[in-house]
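For reference, the structure is listed below as structure tokens.
The values are calculated or read from the model by the stated rules, or taken from the named source; none is laboratory data. In this text, all values refer to a predicted model and were calculated from it rather than measured experimentally. We place every Cβ from the backbone using ideal geometry, glycine too, and count neighbours over all the protein chains shown. Calculation scope for accessible area: heavy atoms of the full protein, side chains included, ligands and nucleic acids excluded. Shrake-Rupley method; radii C 1.70, N 1.55, O 1.52, S 1.80 Å.
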Amino acid sequence: MFLKTLSTARDLGRLHDIASILIRFGFGDMVRRLGLGAVLEQAGKLLHLQEEAEELAQLEPPERIRRAMEELGPTFVKLGQVLSTRVDLFSSDYIEAFSKLQNNVAALPFAAIAGQIEEDLGDKAENIFAQVDTKPLASASMAQVHKATLKSGESVILKVRRPGIKDVIEADLRLLARLAEVAEDEMSEAKQYQPRKIVREFANSIRNELDLANECLNAEQIADNFKDEPSIVVPKVYWQWTSERMNVQELVTDLPGTDLAAVDAAGYDRKTLAKIGANAILKMVFEDGVFHADLHPGNVFYRSSAQVVMIDFGMVGRISKARRFQLVDLLTGMVQRQPDKVVSTLMLWSGDSAIPSAELTSEIDAMIEKVHGVPLKSLNFVALTSDLTSILRRYKLALPSDLTMLIKALISLDGMGRQLDPEFDVVTSAKPFLTQLMWAKYAPNELAKKAQRGAAEGYDLVTGLPTDVWKLVKLMRKGQFKFHMQVEEMEHFLDRLSNSITRITIGIVMAALIMGSSIVMTASGGQIPIGLEYFSMLGFAGAVIGGLWMIFSIWRDK
Ligand SMILES: Nc1ncnc2c1ncn2[C@@H]1O[C@H](COP(=O)(O)OP(=O)(O)O)[C@@H](O)[C@H]1O
Ligand SMILES: [Mg+2]
């Protein structure tokens, strides 16, 4: 089934590689069920791979998946990074394995990328820059980074996309899309993971990331949101040399987030840094609605006790104001102990039209009970999220990806914050932002805007609706709700209407005949052409006959 849909021999070769790797890591059964076994049997390799698979079978499944994905290359490494945000679908052991995914590909020698750089710049790099380090500063699956110096003296980095990587990724995306279709149709247990949707969203996100200019647009947007906050620094972009395959940015020389020993040695105040970082992430998420979605110590530098530098804006999350207000609803539902409110927000997010069971509501209630009365400072955000997400998974309530990215961002904030300051707690930091958001939600101008949009769209009203009505609204929105309006009298009414129209028409014609004939008959003889008087007689006769017919038909219809 696969063979027929593949466009090129190259895709077939890649499919063969994917199937071999999956078998080797113990996913032979999946390979067969996806209909890939035939690809390998043709190559006569199956048995030998299975032997190797038995060795790797000792590893736990999340670890095996991680290693297989690393071996499958950049597309799958990025896929793993995206999956690592899906706390609504995968348990924590898988999330952890996905988060660890790394692609330790060796950097290409500068000679291998020099041609592409020249194409993009329209001249040799050495003619444009005062100096370029041919030894890479860093290399990752999609790009490698080289230091350079501008003729004007500034130090910059060139982030260069690996030549040919786009084709490799596009080919993988074609295969992934097909695999997702087969998995969703043929493997009932795969459905709950929404493979088609995951691959679709993933394809968008990786294509965005492939465009290195796009990364700089994101960086500038976020830099603009922080223009009044000197504590956050985003490297400057040099647009004159930036394009899809290469960007040029100001070189950051501060202490890397991965080297906390250096931070201590420099005497930077970790507590303050944690606070600055937390406020930045919370501002991006709750105030600006555009946030760095891949914040980890590798993408952060510390400039002083008072300044944090962020880099690498390839993946940003965007979260609408409406969505932020829904979060307020979820939280107020929890704080005010209204499990119904929490459940209806979750239903809204999952797009599930099923009526929430009393069981779900009582589980949410139990979860709220657990944290109720716990002082804010002692609330464990990660534990709380994990309770909530495990309920989501059990009830198969998937979340939209903006929210899963947000949860991931807050979880990594929690981790980075604690690394810097063991006493750090994300809930306390988040409180002022959430309070602010609550004010914004209920501020007069928001209420006025809502009123303008019409009461039906007022979110409170919708979430406050009884669940049956809620289900109807969901179905309508999905276009699955059809109105079957039956007006029994309608056909009869239309018949009668058409009869009346016929009668009126005949009446008008009759009146015209009578008048016309009368005029003809009363005119003086010499002016009437021969025979026309007979026509006027006919007109009268017709009017009489028509009139009789009308009287009869009205009498017949009562
Ligand atoms: N502006 C910069 N200044 C200094 N180092 C940088 C800069 N941009 C990237 N790097 C280095 O290159 C590495 C990879 O770049 P990054 O933008 O994070 O790409 P990736 O998306 O592959 O993680 C970073 O971890 C950092 O070490
Ligand atoms: Mg990075």
Restricting to the range 137-180, and then to whatever is in a loop (DSSP other than H, G, I, E, B), closer than 14 Å to Ile113 by Cβ and open to solvent by less than 40 Å² (accessible area, probe 1.4 Å), can you tell me which residue is nearest to ligand 1 (Cβ to nearest atom)? Met142
Just one of Ala143, Ala112, Ala138, Ala148 is away from ligand 2 (no atom under 16 Å from the Cβ), hydrophobic (A, V, I, L, M, F, W, C), over 21 Å from Ala68 (Cα atoms) and out of contact with any Phe, Trp or Tyr (no Cβ under 9 Å at 6 or more places or on another chain); which is it? Ala112
Restricting to the range 99-116, and then to whatever is away from ligand 1 (no atom under 16 Å from the Cβ) and open to solvent by less than 50 Å² (accessible area, probe 1.4 Å), can you tell me which residue is nearest to Gln81 (Cα to Cα)? Gln116
Of all residues in the range 316-334, which are open to solvent by 20 Å² or more (accessible area, probe 1.4 Å) and either within 16 Å of ligand 2 (Cβ to nearest atom) or touching a strand residue (DSSP E or B) at 6+ places or on another chain (Cβ under 6 Å) (or both)? Val316, Arg318
Among (1) within 16 Å of the chain's Cα centre (by Cα); (2) open to solvent by 20 Å² or more (accessible area, probe 1.4 Å), where does Ala293 come up short? (2)
Which residue pairs have Cβ atoms under 6 Å apart, sit 6 or more places apart or on different chains, and have a first residue in the range 17-32 that is outside any helix (DSSP H, G or I) and a second that is open to solvent by less than 20 Å² (accessible area, probe 1.4 Å)? Phe25/Ala68; Gly26/Ala53
Selection count, the range 227-264, where residues are within 21 Å of Gly417 (Cβ to Cβ), away from ligand 1 (no atom under 16 Å from the Cβ) and outside any helix (DSSP H, G or I): 3
Just to be sure, is Leu384 under 22 Å from Thr345 (Cβ atoms) and within 21 Å of the chain's Cα centre (by Cα)? no
Within the range 264-301, the count of residues that are free of Cβ contacts under 8 Å to residues at least 60 places away in the same chain, in contact with a helix residue (DSSP H, G or I) (Cβ under 8 Å, 6 or more places away or on another chain) and within 16 Å of ligand 2 (Cβ to nearest atom) comes to 0
Read through the list (1) more than 15 Å from Gln249 (Cβ to Cβ); (2) within 31 Å of the chain's Cα centre (by Cα), then give the number of the only condition that Ala111 fails. (2)
Hey, which of the helices (runs of 4 or more DSSP H) in the range 317-433, taking only ones fully inside, have at least 2 residues that are within 30 Å of Gly257 (Cβ to Cβ)? 321-335, 381-394, 401-420
